[in-house]
Amino acid sequence: MSGFAFSLAKRNRGFSFHCSWWLWVLALGMLLCGCALPSPANVPTPYPSEVLPTLIAQTVQARRTEQAQRIPSGASQQAERTQAPSEIPLTSPTATQTPTVTHTPRPEQLIPLAVTPPSQAAVSNALIQINRPGPYSKVVSPISLQAVLKPGKGKQVQIELFGEDRRVLVRLIQPIVWIDQSGFARLYKDIPFEIPGVAEAAWLTLSVTDDLGRVTAVNSTPLILLSIGESDIIPAVDFRTPILIQQPRPNALIQGKKVIASGLVRSGGDTYLMIQLWDPTGKVLGQRVTNTQPAEELGFSSFNTEVPYTITEPTPALLVVWQGVGSLSNILYLSSVEVLLSP
């Protein structure tokens, strides 16, 4: 009986082992079936399937931008320089245009001046430069005069103010105390005046002489005199010589009883010139009145004429060329050059 029970118990243990093994296999199969992932088409998402590519592209771009911001500026520039050639757009070469510099004219340059700035670069500055007041300034008494001039051996300057009818409103002699190494001096002078009316056109004239008393240079500027109100000063913009004597040259020896005189004249006075030869005492050795030729370039007219003279021995002389307004005696501009005349 005991042997039968032992055999039955052994048989039950074998059956239990086989049943347990099949149960484990069945459980493992069911687990694998339960863990199988559904197909992508069946995975639920919070966004429609048609916008997913756009969202993915935006996410990638955002991450690239964030990474680029983390790279130092030098590394970023190096990365830009090392891009593949295919990423650089090819463009046709274009000519580089040089920017044109434009100058806005100052208000005083828009006002028609009696003196047009010359176009010839070879014209030097005048021996008398009236810095203030400029042409057509409106001035009340006194006129605040500022000038730079070369007084020469005379070491003085004559200041004159002429009214509309060429009457003399002011005439005075101003000594020059200090002269620099170049022979020029600065002049500051207040010039009082009186006029009968409210306003009047006028000319302010400065002239210098040599040690013999001969006038060697004259320069003028037109003004509008006011008896009441306030001054309206226009700055001077042209300081070049009003008359340039190109021929003869300074200290030239002249022979043949005639002097060939030529040069340039700035617009501002009459179209005719007076040319004279003065000896050391101021005596006129020869003279000629000539017209100026039309200006080939803006700002200057030209003159070319012969001045005959009569002497019996070599004589130092001063060739003077002047321009007036209304009359040759109303000198506005004058230039001179020293020469040596020979019979």
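Quick look at the numbers
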{"quantity": "Test: residue 336 is within 24 Å of residue 208 (Cα to Cα) and touching a Leu at 6+ places or on another chain (Cβ under 7 Å)", "calculated": "yes"}
{"quantity": "The range 158-208 - residue that is of a type in the set (S, T, N, Q) and closer than 28 Å to residue 279 by Cα and, of those, nearest to the chain's Cα centre (by Cα)", "calculated": "182"}
{"quantity": "Condition check for residue 240: basic (Lys, Arg), surrounded by 22 or more Cβ atoms within 10 Å (Cβ to Cβ) and within 20 Å of residue 130 (Cα to Cα)", "calculated": "no"}
{"quantity": "Residue in the range 306-319 that is of a type in the set (A, V, I, L, M) and either buried (at least 22 other Cβ atoms within 10 Å of the Cβ) or modelled with pLDDT under 90 (or both) present", "calculated": "yes"}
{"quantity": "Selected residue [within 17 Å of residue 316 (Cβ to Cβ) and either in the same structural domain as residue 163 (by TED's automatic domain parsing) or modelled with pLDDT under 95 (or both)] from 213, 286", "calculated": "213"}
{"quantity": "Test result for residue 173, farther than 26 Å from residue 294 by Cα and surrounded by 13 or more Cβ atoms within 10 Å (Cβ to Cβ)", "calculated": "no"}
{"quantity": "Exclusive hit being within 34 Å of the chain's Cα centre (by Cα), in contact (Cβ under 8 Å) with a residue 24 or more places away in the chain and within 30 Å of residue 308 (Cβ to Cβ), set 211, 270", "calculated": "270"}
{"quantity": "Residue within the range 315-326 that is in contact with an Asp or Glu (Cβ under 8 Å, 6 or more places away or on another chain), part of a strand (DSSP E or B) and under 28 Å from residue 202 (Cβ atoms) present", "calculated": "yes"}
{"quantity": "Cross-chain or 6+ apart pairs with Cβ under 8 Å, the range 142-165 first and crowded, with 17+ Cβ neighbours inside 10 Å, then acidic (Asp, Glu) and modelled with pLDDT under 95", "calculated": "152/210; 152/211; 154/210; 154/211"}
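The rows are residues; the columns are (1) of a type in the set (Gly, Ala, Ser); (2) assigned to a loop (DSSP other than H, G, I, E, B).
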{"site": "196", "(1), (2)": "no, yes"}
{"site": "205", "(1), (2)": "no, no"}
{"site": "225", "(1), (2)": "no, no"}
{"site": "250", "(1), (2)": "no, yes"}
{"site": "259", "(1), (2)": "no, no"}
{"site": "263", "(1), (2)": "yes, no"}
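The values are calculated or read from the model by the stated rules, or taken from the named source; none is laboratory data. Treat the numbers as computed from the prediction; the structure is a model and nothing was measured. Using ideal geometry, Cβ is built from the backbone for each residue, glycine included, and neighbour counts are taken over all protein chains shown.
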